[in-house]
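I'd like to ask some things about the structure below.
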Amino acid sequence: MTMQNYKLFDTAIGRCGIAWGALGITGVQLPQPTETQTRQRLIERSGGEAIETDAPMQVATVIGDIVQLMDGQSRDLSAAPLDMTRISAFQRNVYDIARTIRPGATLTYGDIARRLGDVALSREVGQALGHNPYPIIVPCHRVLAAGDRPGGFSANGGVMTKLRMLAIEGAYVNYTPSLFDNLQ
């Protein structure tokens, strides 16, 4: 594996991180409870070896777009260069479809499964998105469960983080919070 670089940056949802290598962006890390945890998780997801450094222009542009998107400005991240060499063909197909979802819009796991040719793949779509190494760029937060309910979200804060991101983007979600939502 080649050496990765990374940078931490502030957004409206907290301190995020981005990692990249010679072939493109290798990962995005949503905020963890502490900056140290965000950094550690990003490095682990990048293969265990990464150096914190200034981002090259192409990555700096993506960082700026992420920051603006999380500030409520519409940004298109579909052209951000992703290194998908460690991603299966199925995951790539799921991520390609998810990248077509514009800010403020949503699809369901079933919608993506149907686009892949079989609604029975809904669970596999959810699993692929649960392992998404590029959150925000591959907007897994814009993918909902049946009935436009939020479904799951593997980031720190779980569903509440997903709902916050969707609210920033102005997306509608059919959801009433329960007593147990903050226990994730």
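Tell me what the chain gives for mean residue ellipticity at 222 nm when only DSSP H runs of n ≥ 4 count, each as -39,500 (n - 2.57), the sum divided by the residue total, rounded to 500 deg cm²/dmol. Mind dumping the intermediate values first?
Values: 6 runs with 63 residues, N = 184.
Counting only the DSSP helices, I get -10000 deg cm²/dmol.
Still on this model: Which value, in Å³ per residue, describes the convex hull spanned by the Cα atoms of region 119-178?
Details: hull volume 5.4 nm³, N = 60.
Each residue corresponds to 90 Å³ of Cα convex hull volume.
Between MET70, MET165, MET57, which gets the highest mean-square fluctuation from a Gaussian network model of the chain, Cα cutoff 10 Å?
MET57
Amide H of ILE136: which non-local residues (sequence gap of 5 or more, or other chain) have their own amide H closer than 5 Å, using H built in the peptide plane?
Those lying under 5 Å, H to H, from ILE136 are HIS141.
Under a crude label model (7 Å from the Cα following the beta-carbon direction), how far is ASP10 from THR61 in nanometres?
2.6 nm
Separation between the ARG123 and THR100 pseudo-spin-labels, each 7 Å from Cα along Cα→Cβ, expressed in nm?
2.6 nm
I would also like to ask the following. Find the eigenvalues of the gyration tensor of the Cα atoms of region 69-129, then list the square roots of 5 times those eigenvalues as equivalent ellipsoid semi-axes, largest first, in whole angstrom.
Details: eigenvalues 93, 50, 14 Å².
That gives 22, 16, 8 Å for the three semi-axes.
Kirkwood-based Rg over Rh for the chain (C-alpha set), two decimals? Mind dumping the intermediate values first?
Details: Rg = 15.7 Å, Rh = 16.6 Å.
Reported Rg/Rh (Cα atoms, Kirkwood Rh): 0.95.
Still on this model: Within the set of other residues whose C-beta is less than 13 Å from the C-beta of ASP83, count the net charge using Lys and Arg as +1 and Asp and Glu as -1. All intermediate terms of the calculation are to be shown ahead of the outcome.
Numbers: positive: ARG45, ARG86, ARG92; negative: none.
So the environment of ASP83 carries a net charge of +3.
A further question follows. For the peptides 119-132, 84-97, what is the packing order when you average, over each peptide's residues, the other Cβ atoms within 10 Å and list the highest mean first? Write out the running numbers ahead of the final one.
Values: 119-132: 18.0, 84-97: 16.4.
Ranked by mean Cβ neighbours within 10 Å, highest first: 119-132, 84-97.
Among residues other than ILE97 whose Cβ falls under 12 Å from its Cβ, what is the net charge (Lys/Arg +1, Asp/Glu -1)? Before the final figure, lay out the partial values.
Numbers: positive: ARG92, ARG99, ARG114, ARG115, ARG142; negative: ASP96, ASP111.
Value of the local net charge: +3.
Moving to a separate point now. Given H placed 1.01 Å from N in the peptide plane, which residues other than close sequence neighbours of THR108 have an amide H under 5 Å from its amide H?
Here LEU144 satisfy the definition.
Helix by helix through the chain, keep the DSSP H runs that span 30 Å or more along the axis on Cα and average at least 0.0 on Kyte-Doolittle, and give those back in order.
Counting only whole DSSP H runs, no helix qualifies.
Relative contact order, percent, of region 43-184 when contacts are C-alpha pairs under 8 Å separated by at least 6 residues?
22 percent
I would also like to ask the following. Could you give the accessible area per residue of region 102-161, probe 1.4 Å, as a whole number in Å²? Walk me through the numbers on the way to the answer.
Values: 2490 Å² over 60 residues.
Heavy-atom SASA per residue in region 102-161 reads 42 Å².
The values are calculated or read from the model by the stated rules, or taken from the named source; none is laboratory data. Everything quoted here is computed from the prediction, not taken from an experiment. With ideal geometry, Cβ positions are generated from the backbone for all residues, glycine too; neighbour counts draw on all protein chains shown. The protein model used for the area step is the full one, side chains on, heavy atoms only, and it has no ligands, DNA or RNA in it. Shrake-Rupley method; radii C 1.70, N 1.55, O 1.52, S 1.80 Å.
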